[in-house]
Amino acid sequence: MRVSILDDYQGVALDMADWSAVRGRGIDIAVERFPFADEDAAVRALADSEIVCAMRERTPFLKSTVDRLPKLKLLITTGMRNASFDLATAKQRGIAVCGSGVGAAVCANKIAGVRAALIEDHFSARQGVEDDHMNIICLGGRIVGAELAWDLVEAFLAAEFSQAERHLRRLGKVAALEHR
């Protein structure tokens, strides 16, 4: 897994937290200190990133950019909003964008086929996928710390839907509610 931190022109991102737990899990952290020359440069640099944290609004995530980043799963911003994110495209791709996690979960679950949950513990991150076929994890940056957040994301990404008959029946009932 790769995480990219963007627009860290002062070079402080890696000094602001203890990243040893993240690196200890084999997660690559890439820090981009300067703005990208153009969209192609951004796509080249972020091609392997599943998570992108934008510290400022210098890197636009337009539809054309997001469409060229198939591994992207989560966009994080350091402020309450980020005008450079194409939120409609992020929503369409199932990429969660939020500060608290609550709004992302509420909004995401309005889309047919989305099964999003605000997750705060390891068991729910795994069980939500295995039993309920959760396909979007929402995290509250003000609720869970960095180490727990990594644990939750790893559990979510490693889990697989069980295909158990009772879980398939439950999923069918949820799908029926979407068509009411």
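The values are calculated or read from the model by the stated rules, or taken from the named source; none is laboratory data. Here the structure is a predicted model, which means the values were calculated and not measured. Glycine gets a Cβ as well: all are built from the backbone with ideal geometry, and neighbour counts include every protein chain shown.
The lone criterion from (1) modelled with pLDDT of 85 or more; (2) within 29 Å of Asp151 (Cβ to Cβ); (3) not hydroxyl-bearing (Ser, Thr, Tyr) left unmet by Pro35 is number (2).
Summed over segment 20-52, residues that are without any contact (Cβ under 8 Å) to a residue 24 or more places away in the chain and of a type outside the set (A, V, I, L, M) total 7. Residue count for segment 9-61 satisfying the condition of being in contact with a Lys or Arg (Cβ under 6 Å, 6 or more places away or on another chain) and of a type in the set (A, V, I, L, M): 1.
Against the numbered list (1) small (Gly, Ala, Ser); (2) at pLDDT 90 or above; (3) at positive phi, Ala41 comes up short only at (3).
Among the candidates Val174, Val114, Val106, single out the residue that is hydrophobic (A, V, I, L, M, F, W, C), surrounded by fewer than 17 Cβ atoms within 10 Å (Cβ to Cβ) and touching a helix residue (DSSP H, G or I) at 6+ places or on another chain (Cβ under 6 Å). Result of the check over Val174, Val114, Val106: Val114.
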